[in-house]
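Notes follow the structure.
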C-alpha cells in the first residue's frame with residue numbers, strides 16, 4: 001500500500017530534522033488500544049474489504065509496522081507484558097487471572113504509565129488498557145493514573161443472543177441489531193477522552209490512554225456499519241481444507257476447549273459470512289472512534305507535540321486454521337496493527353521489520369526523552385521510526401502458556417511447543433502458513449537460527465493462575481485442570 005502525499009509539504013522536512021529532545025521538553029502521549037484487532041486494517045492488507053480510513057490516515061502521518069506481533073495471544077498476559085516491559089515467561093502471567101499486582105514478586109514492577117507519572121506527566125485511563133477491571137480500582141488512582149474514565153463495555157446487548165453457539169457464553173455473539181452508536185461503550189470511551197483533550201491544560205504534559213473494546217466479541221454493530229460491507233461484495237477468509245493435517249497435535253492443546261466456536265460450526269450454521277461482516281463492521285466503527293480522538297488532538301493544537309501510538313493486544317481467527325478466536329502462535333493470532341506518529345517519527349513509512357508490543361515501552365521512553373528503565377525486555381524502535389529500512393536483529397516472540405513460543409522474523413515463522421514439536425513456515429512463499437516445513441532436513445539451519453531466540457525465562461504459571469491455562473509436565477498436558485490423554489479426540493467446540 002502506498003501512502004498519498006501529505007497535504008502539508010513542510011511536515012516531512014520538519015519531522016526529519018526534529019528529535020525527541022528538541023520537539024518539546026516533554027511531548028504528550030495519546031495511547032490508543034484496540035481489543036482483539038487482527039490485521040483486517042487497510043494498511044495491513046489483512047482483508048480486501050477492510051474499511052479503516054482514519055487508522056490508515058494516522059499510519060500515513062507516521063510510521064506503521066506491517067510485521068508487528070503480540071507477546072501473548074490473550075488479553076491479560078499480552079497487556080501485562082506491554083505495560084510492564086516483561087515477557088510472559090518472565091512473569092508467569094499466562095491466563096486471564098491473576099492481576100500481576102496480586103503476585104508478590106511482580107507487584108512492585110514500574111509500569112509504563114507509572115514511569116510517565118514519575119516524570120511529570122498527568123495520566124488518564126479510559127476503556128480497556130489492562131484486562132477487565134484490573135488497574136481501575138480506587139487504590140490505583142495516584143499509583144499509575146491520575147484520572148479514570150468509563151471502563152470497557154460491549155454493551156448494549158440484545159435481549160437474547162443473536163447466535164446460539166455450542167458454548168452459550170454471553171459474550172460470544174455477533175450480528176446486527178438496532179441500537180444507537182452513542183450508547184455503545186466505545187463511543188463513551190471516546191467521548192470521555194475527547195472531553196479531556198478539549199479541557200486539557202497546555203502547560204502540563206499528558207499521557208492519555210484510551211482502550212476500545214470492539215471488535216472483541218460480542219461483535220454487535222448497527223445497520224449502517226454492516227452496509228459498508230455488503231454480503232455480495234464481502235469475501236470470506238482464505239482457508240485451505242486439511243490445513244491442520246501437518247500441524248502437531250499439541251497445536252490443538254493451546255485452544256483445547258474454548259467458548260469461541262470452530263469453523264465447522266460457522267459453516268454448519270451458515271454463520272461464517274455473518275461473523276466476517278460483523279467483525280469488519282465493528283472494526284469500521286472503532287475506526288470512526290479513532291477519528292474522534294485524532295480530530296480532538298488537532299482541534300486543540302496538540303497534534304505537533306503529541307506522540308500517538310495505536311496498537312492491538314493480539315489477533316483473531318475467523319475460520320483460518322479451522323477455528324475462531326485467539327490463543328494461537330500463527331500470524332492470524334499474533335499479527336497486530338502498530339503505529340507511531342508525532343514528533344521524532346518519520347511520516348509515510350511502512351516498516352516490515354519485526355516489531356513487538358514489548359517494544360512500545362522503551363520506544364515511548366526514548367521518544368519522550370525520559371530516563372531509561374532497568375530490566376525492560378523489549379527493544380526501542382527508534383531506528384525504524386527514523387528509517388523504516390534500518391536493520392533490526394531481533395525477531396518478534398510470542399508465548400502462550402509456558403514453553404510454547406512463536407518466533408517471527410522477516411521471512412520465517414518458527415513455532416516450538418512444550419512437548420518439542422515444531423512448525424516452520426516460509427512467510428514470503430506461504431503467507432497463509434499452509435505448509436509446515438519443520439520436518440524437512442534442509443531447513444535445519446533456519447530452525448537452529450530461530451531457536452536461539454527462545455526466551456531463557458519460561459516460568460510455570462504464577463500463583464492463582466486461571467482461565468485458559470495449559471500445563472505440560474512429565475510428558476502430560478493438562479488444560480484448565482483436566483488431563484488431556486494422548487488419544488483423546490479433539491473437541492469440536
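The values are calculated or read from the model by the stated rules, or taken from the named source; none is laboratory data. Source: prediction; values computed, not measured. Every residue, glycine as well, gets a Cβ built from its backbone with ideal geometry; the counts of neighbours run over all protein chains shown.
Would you call residue 376 surrounded by fewer than 22 Cβ atoms within 10 Å (Cβ to Cβ) and either touching a strand residue (DSSP E or B) at 6+ places or on another chain (Cβ under 6 Å) or part of a strand (DSSP E or B) (or both)?
Working: surrounded by fewer than 22 Cβ atoms within 10 Å (Cβ to Cβ): yes; either touching a strand residue (DSSP E or B) at 6+ places or on another chain (Cβ under 6 Å) or part of a strand (DSSP E or B) (or both): no.
Against the criterion (surrounded by fewer than 22 Cβ atoms within 10 Å (Cβ to Cβ) and either touching a strand residue (DSSP E or B) at 6+ places or on another chain (Cβ under 6 Å) or part of a strand (DSSP E or B) (or both)), residue 376 does not qualify.
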**Complete:** Being more than 30 Å from residue 114 (Cα to Cα) and at pLDDT 95 or above narrows 206, 250, 212 down to just 250
**Prompt:** With (1) closer than 23 Å to residue 54 by Cα; (2) part of a loop (DSSP other than H, G, I, E, B); (3) more than 21 Å from the chain's Cα centre (by Cα) as the list, and residue 314 as the residue in question, which single condition is left unmet?
**Reply:** (3)
**Request:** Of all residues in the stretch 412-446, count the ones that are crowded, with 19+ Cβ neighbours inside 10 Å and within 15 Å of residue 396 (Cα to Cα).
**Result:** 7
**Request:** At least 2 residues that are in contact with a strand residue (DSSP E or B) (Cβ under 9 Å, 6 or more places away or on another chain) and at pLDDT 50 or above in each: list the helices (runs of 4 or more DSSP H) lying fully within the stretch 1-61 that qualify.
**Result:** 53-61
**Request:** Filter the stretch 484-493 down to residues that are more than 16 Å from residue 254 (Cβ to Cβ) and either out of contact with any helix residue (DSSP H, G or I) (no Cβ under 7 Å at 6 or more places or on another chain) or modelled with pLDDT of 95 or more (or both), then give me how many there are.
**Result:** 4
**Asked** Hey, does the stretch 141-152 have a residue that's modelled with pLDDT under 95, in a loop (DSSP other than H, G, I, E, B) and within 20 Å of the chain's Cα centre (by Cα)?
**Response** yes
**Message:** Checking residue 93 against (1) at pLDDT 95 or above; (2) in contact with a strand residue (DSSP E or B) (Cβ under 8 Å, 6 or more places away or on another chain); (3) buried (at least 21 other Cβ atoms within 10 Å of the Cβ): exactly one of these is not met. Which one?
**Reply:** (2)
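Would you tally the residues in the stretch 81-115 being part of a helix (DSSP H, G or I) and touching a helix residue (DSSP H, G or I) at 6+ places or on another chain (Cβ under 8 Å)? Explain how you work it out, then say what you get.
Let us first name the residues in the stretch 81-115 that are part of a helix (DSSP H, G or I), namely 81-84, 88-91, 100-102, 112-115.
From what's left, touching a helix residue (DSSP H, G or I) at 6+ places or on another chain (Cβ under 8 Å): 81-84, 88, 91, 100, 112-113, 115.
Qualifying residue count, the stretch 81-115: 10.
Could you please find all residues in the stretch 222-263 being closer than 16 Å to residue 175 by Cα and either in contact (Cβ under 8 Å) with a residue 12 or more places away in the chain or assigned to a helix (DSSP H, G or I) (or both)? Show your work before the answer.
Taking the stretch 222-263 first, the residues closer than 16 Å to residue 175 by Cα are 222-231, 234, 236, 260-261.
Passing the criteria: 222, 223, 224, 225, 226, 228, 229, 231, 234, 236, 260, 261.
Would you check which residues across the stretch 268-283 are surrounded by fewer than 18 Cβ atoms within 10 Å (Cβ to Cβ) and either in contact with a strand residue (DSSP E or B) (Cβ under 7 Å, 6 or more places away or on another chain) or in contact (Cβ under 8 Å) with a residue 24 or more places away in the chain (or both) and list them? Before the answer, list the steps.
As a first pass, look at the stretch 268-283 and keep what is surrounded by fewer than 18 Cβ atoms within 10 Å (Cβ to Cβ): 268-270, 273.
Within the stretch 268-283, 269, 273 meet the criteria.
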**Request:** Output the residues belonging to the stretch 222-242 that are in contact with a strand residue (DSSP E or B) (Cβ under 6 Å, 6 or more places away or on another chain) and under 21 Å from residue 41 (Cβ atoms).
**Result:** 226, 237
**Request:** Could you pull out the residue among 121, 125 that is at pLDDT 95 or above and surrounded by fewer than 24 Cβ atoms within 10 Å (Cβ to Cβ)?
**Result:** 121
**Asked** Is it fair to say residue 134 is on the phi < 0 side of the Ramachandran plot, buried (at least 24 other Cβ atoms within 10 Å of the Cβ) and either assigned to a loop (DSSP other than H, G, I, E, B) or over 24 Å from the mean Cα position of the chain (by Cα) (or both)?
**Response** no
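Has the stretch 222-233 got at least one residue that is surrounded by 21 or more Cβ atoms within 10 Å (Cβ to Cβ) and closer than 20 Å to residue 48 by Cα?
If we filter the stretch 222-233 for residues that are surrounded by 21 or more Cβ atoms within 10 Å (Cβ to Cβ), which is where we start, we get 225, 229.
Next, from what is left, pick out any that are closer than 20 Å to residue 48 by Cα: 225, 229.
Yes - at least one qualifying residue is present in the stretch 222-233.
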**Message:** Suppose we filter the stretch 196-221 for residues that are over 16 Å from residue 151 (Cβ atoms), touching a strand residue (DSSP E or B) at 6+ places or on another chain (Cβ under 9 Å) and outside any strand (DSSP E or B); how many remain?
**Reply:** 8
**Prompt:** Does the stretch 441-448 include one or more residues that are in a loop (DSSP other than H, G, I, E, B), on the phi < 0 side of the Ramachandran plot and at pLDDT 95 or above?
**Reply:** no
**Item:** Search result, residues across the stretch 386-440 that are over 30 Å from residue 486 (Cα atoms), touching a helix residue (DSSP H, G or I) at 6+ places or on another chain (Cβ under 9 Å) and assigned to a loop (DSSP other than H, G, I, E, B)
**Value:** 390, 391, 392, 394, 395, 409, 411, 427, 431
